[in-house]
Amino acid sequence: MIGADAMIKCLEAEGVKVVFGYPGVAICPFYNSILNSNIRTVLIRTEQNAAHAASGMARITGRPGVCAVTSGPGATNVITGIATAFADSIPLVCITGQVVSELIGSDVFQEADITGAVESFVKYSYLIKDVKDIPRVFKEAFHIANTGRKGPVLIDVPIDIQNAPLNNFAYPEEVNLRTYKPTVKGHAVQIKKVIQELQKAKRPIICAGGGVLLSEAEEELRTFVEKYRIPVVSTMMGIGVMPTKHPLYYGMVGNNGRPYANKAMNESDLLIMVGARVADRAVSQPGLITRNKVLVHIDVDPAEIGKNAGPTIPLVGDAKNIFQDFLKEEFSCDHDEWLDTLDEYRRDLEIHRNPNPDYVDPAAFITALSEKMQDDAIYVADVGQNQIWSCAYHVVKKGRFLTTGGMGTMGYSIPAAMGAKLAAPERQVIAVCGDGSFQMSMMELATMRQHNIPVKIIVLKNNYLGMVREYQHYTYQDHYSVVDLSGSPDLSMIAAAYGMRFQRLERMEHVDEAIDAFLEKDASVLMECVIDPMDLVK
Amino acid sequence: MQKKVFQLLVDNTSGVLSRIAGLFSRRGYNIESITAGVTADPRFTRITIVTSGDDVILEQIEKQVAKLIDVRDIKELDPSDSVYRELVLIKVRTSPEQRQAVIAIADVFRANIIDVAPESLIIELTGNQSKVDAFITLLDGHEILELARTGITGLGRGVDHVTYLDD
């Protein structure tokens, strides 16, 4: 056995089913050994998307997604994907090949100091110097990636280590990390305090973030809020914690959120933030959420608590554990009046659009699409105006809504949807992007075809980088700069080139038939929706 | 803005110092001084960082550093309950006539003369920062050719807050 065989054995021991990647000489021993395994390999068309695809997979399986790329440019290309996963707290294990150990530091061909370069975007990184360390490092990497606040871990493996003989392979049963012990269980005293505040509160509200999904605490949270009739809002990353039509759900907060969701949060007298960072896009004025109210902040990462707003009650721990503990408490509370007020807000403060009838209205289209999608479908939104419309108009039933809210990386949706589809082949997976973000990941249509990954793609086409155009509209009075996407390819020909079915929707008249045809078979379809170039999300 | 001294106990892995220094630079925290050295147990390194910021920043520094995988422990070295020391080496230009005057100042501070050359002396002084600063002030009038300070290192007093290494 050589180091590369050991790396594969480690992945098998972790239950890894798919590795996304792109080979080069420095990772070739690994890709040679993987041929002796049942692990599926997917040749992605650019390394950044290997990390995005692994992210999509991780978000559906709840296990770290894995990608493996070569040294130098392969490794540096994957950084944006790693940074995206880091910002969104998605567990990844990224394996990079590295040049021969003794040549490290001498600037040889395809050498990059990748552990140095990704330092600020990983939870941890390793450069393996001894083949005997492989089992321990992989065990630790998977553990670190998927515990506490989840995130990417990078393992850099020089080619000579991959080729070095290793006689005894034993995958460790347990990790022994002296310095890494995340707090999972909430402090009993703090939990009691939260319950006391809930009993006192007249206007309580829970703001759920992506951490609730990462800890798979949706069911506990829903049971709790249904039992005590507590209203819920969510951040962008928390969309899907509650079904969109749930009577206790009052939408997404933030500068792109629902006005009634923000109003509800600001007027509450007890705000429980759970698995949310109180980040700038969700809470533009942290002062407002601490004024005249008790703020409870629940997060598995103690550094997030108090970073952007000082809570009255900090509660460090995993959301699932904490809501299980909440459910053990029995208490009474009455918020009917508050819920009536919120229902009024929801009714009176709904956004009213005036869509241009000469185009597809993205809002009505997304709503119609959601209604026809399977209950457990996975909707992957890209970045740009499409993302904001998706957040506002997609109706989550029992499915998932995936997007990158933290880093906002254009081109995320197609590779992430591929990862999600491989994780759940029986579910509908739909990527919704704009014509800008589509062109950032268009090359992956080949990957979809080659590996038979039937993702469905919607392109909301307006020939602009719409979100930036909108910003320039408001900030620079329509003084547009570098946002015109003229020169974009004919998408019907792109679809044909990749052997995909193509549909174009230009107006709303035939929307139902178009969506029915789009969803009909479990096959890749590219659907172009022509939207008003001057449309605005606000 | 207030100054704080943090004491860290970290795994003695390659790159640990750059991870910590990198965290300070990318999050815009100040480092006034940083010292590092292996502990009695060679698996661990003790790092002393002098930093400054407002309360919110100082709390974030403590939490963000604690979050690093290699960091076993971080605590504040409270000035009322700790000892700080800094070592400084000062090379002073001295003519044979001036030499005795400089040695006299050094004696008052219990500093050591560790090198004597025809035109210069090297003085070694250990103490808390104010003692070092006072000594440097007293050398005013003599030409300081080179000066090297280690930055503060320190320990808490007593056995109450010791982080034991043996688990």
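Derivation of every value follows stated rules applied to the coordinates shown; laboratory data play no part. It should be emphasised that the depicted structure is a prediction, and the values quoted were computed from it without experimental measurement. Cβ: placed from backbone, ideal geometry, glycine included. Neighbour counts: every protein chain shown.
Summary table
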| quantity | calculated |
| --- | --- |
| With at most 13 neighbouring Cβ atoms within 10 Å, loop GluC sites (Glu not before Pro) (DSSP) excluded, longest segment of chain A | A:1-172 |
| Residue exposure sequence - A:380, A:274 - by fewest surrounding Cβ within 10 Å | A:274, A:380 |
| Of the trypsin sites (Lys or Arg not before Pro) in the stretch A:175-207, those whose Cβ has at most 16 other Cβ within 10 Å and which sit in DSSP loop | A:178, A:185, A:202 |
| Environment charge of residue A:129, counting only residues whose C-beta is closer than 12 Å and scoring Lys/Arg +1, Asp/Glu -1 | -4 |
| Computed [θ] at 222 nm, helices only, for chain A once each DSSP H run of length n ≥ 4 contributes -39500 (n - 2.57) | -10500 deg cm²/dmol |
| Inter-part distance where the stretch A:433-462 and the stretch A:465-507 are each reduced to a Cα centre, Å | 14 |
| The stretch A:155-183 and the stretch A:228-255: distance between their alpha carbon centers, rounded to Å | 41 |
| Long-range HN-HN contacts of residue A:234 with modeled amide H, under 5 Å | A:208, A:251, A:252, A:253 |
| ³J(HN,Hα) computed for each position of the stretch A:436-447 - Karplus, 6.51 cos²θ - 1.76 cosθ + 1.60, integer Hz, glycine/proline x | x, 5, 4, 6, 7, 10, 4, 4, 6, 4, 5, 4 |
| Cα gyration tensor shape for the stretch A:188-348, rounded if a/c is under 1.5, else prolate or oblate | rounded |
| When each of A:181/B:63; A:328/A:398; A:456/A:538; A:192/A:227 is checked by Cα-Cα distance, pairs over 19 Å | A:328/A:398; A:456/A:538 |
| HN-Hα J in Hz across the stretch B:128-145 - Karplus 6.51, -1.76, 1.60, θ = phi - 60°, x for Gly and Pro | 6, 5, 5, 5, 4, 4, 5, 5, 4, 4, 5, 7, 4, x, 9, 7, 7, 7 |
| Loop trypsin sites (Lys or Arg not before Pro), the stretch A:282-331 (other Cβ atoms within 10 Å of the site Cβ: 16 or fewer; DSSP) | A:291 |
| Neighbourhood net charge (11 Å Cβ-Cβ; Lys/Arg +1, Asp/Glu -1) for residue A:185 | -1 |
| Shape of the stretch A:3-163, Cα gyration tensor, a/c cut at 1.5 | rounded |
| Top of B:129, B:60, B:98 by mean-square fluctuation, Gaussian network on chain B, Cα under 10 Å | B:98 |
| Chymotrypsin sites (Phe, Trp or Tyr not before Pro) restricted to the stretch A:410-485 and DSSP loop, no more than 12 other C-beta within 10 Å | A:476 |
| Size of charge dipole - the stretch B:2-76 - debye, nearest 20, with Cβ of Lys, Arg +1 and Asp, Glu -1, no other charges | 180 |
| Shape of chain A, Cα gyration tensor, a/c cut at 1.5 | oblate |
| Compactness index (Cα Rg / 2.2 N^0.38 Å), the stretch B:2-76 | 1.01 |
| Eligible aspartates and glutamates near residue A:185 by straight Cα distance, threshold 16 Å, same-chain separation 8 or greater | A:216, A:220, A:299, A:301, A:318, A:325, A:329 |
| Residue-by-residue Karplus 3J(HN,Hα) for the stretch A:493-499, coefficients 6.51, -1.76, 1.60, Hz, glycine and proline x | 6, 4, 4, 4, 4, 9, x |
| Helical contribution to [θ] at 222 nm, DSSP H n ≥ 4, -39,500 (n - 2.57), averaged over chain B, rounded to 500 | -8500 deg cm²/dmol |
